[in-house]
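> If you scroll down you'll find the structure; I have some questions about it.
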Amino acid sequence: MTITYDDFTKVDLRVGTIVEVEDFPEARKPAYKLKIDLGELGIKKSTAQIKGPYPNKDELVGKQVVCVVNFPPKQIGPVISEVLTTGFDTDGGVVLTTVDKKVENGKRLY
């Protein structure tokens, strides 16, 4: 399916820094609860099924990730996920979408 540039701009993708990671034992698949600093948008909660590629949750703190910030909040078990943390589904699990150079938190992807 082909989309227009206007369709693309409806998805608000922003960069943020993971500031806190907790285990999420209530999740159906192995997952973490994340807090992500999105600059002017504040610190938002997200969940991510990324334990396969990232078994050490401490390595995630400080990592910059790309998030969809204009989806409505979604109840994931006992957690309300405020943003969608993006990644690529691989044989080893979901690998986070990151940036290769430091970017100011909250900057929008165009």
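> So between residue 1 and residue 104, what do we pick up on full extension, going 0.36 nm a residue minus the alpha carbon distance? Walk me through the numbers before you get to the answer.
On the way: separation 103, 0.36 × 103 = 37.08 nm, distance 3.27 nm.
Stretched out fully, the residue 1 to residue 104 stretch lengthens by 33.8 nm.
> Between residue 19 and residue 91, what is the label-point separation in nm under the 7 Å Cα-to-beta-carbon projection?
Placing both labels 7 Å beyond Cα along the Cβ direction yields 3.9 nm.
> Roll a 1.4 angstrom probe over the protein heavy atoms and tell me the percent of accessible area of segment 1-70 that is carbon or sulfur. Kindly include the intermediate steps, with their values, before the conclusion.
Numbers: 2000 of 4070 Å².
For segment 1-70, the apolar C and S fraction of the accessible surface comes to 49 percent.
> Which whole number in µm²/s is D for the chain by Stokes-Einstein, with the Kirkwood Rh taken over Cα pairs at 4 °C and 1.567 mPa s? Can you show the working numbers first?
Numbers: Rh = 14.3 Å.
So the translational diffusion coefficient is about 90 µm²/s.
> Which whole-number value in Å² is the accessible area per residue of segment 1-46, probe 1.4 Å?
Details: 2970 Å² over 46 residues.
Averaged over the residues of segment 1-46, the accessible area is 64 Å².
> Considering only Cα-Cα distances, which of the following residue pairs are longer than 18 Å: 57/101; 33/74; 45/74; 44/74; 35/74; 74/101?
57/101; 74/101
The values are calculated or read from the model by the stated rules, or taken from the named source; none is laboratory data. If you're wondering where the values come from, they're calculated on a predicted model, not measured in any experiment. Glycine gets a Cβ as well: all are built from the backbone with ideal geometry, and neighbour counts include every protein chain shown. To get the accessible areas, we keep the full protein, side chains included, count just its heavy atoms, and leave off ligands, DNA and RNA. Shrake-Rupley method; radii C 1.70, N 1.55, O 1.52, S 1.80 Å.
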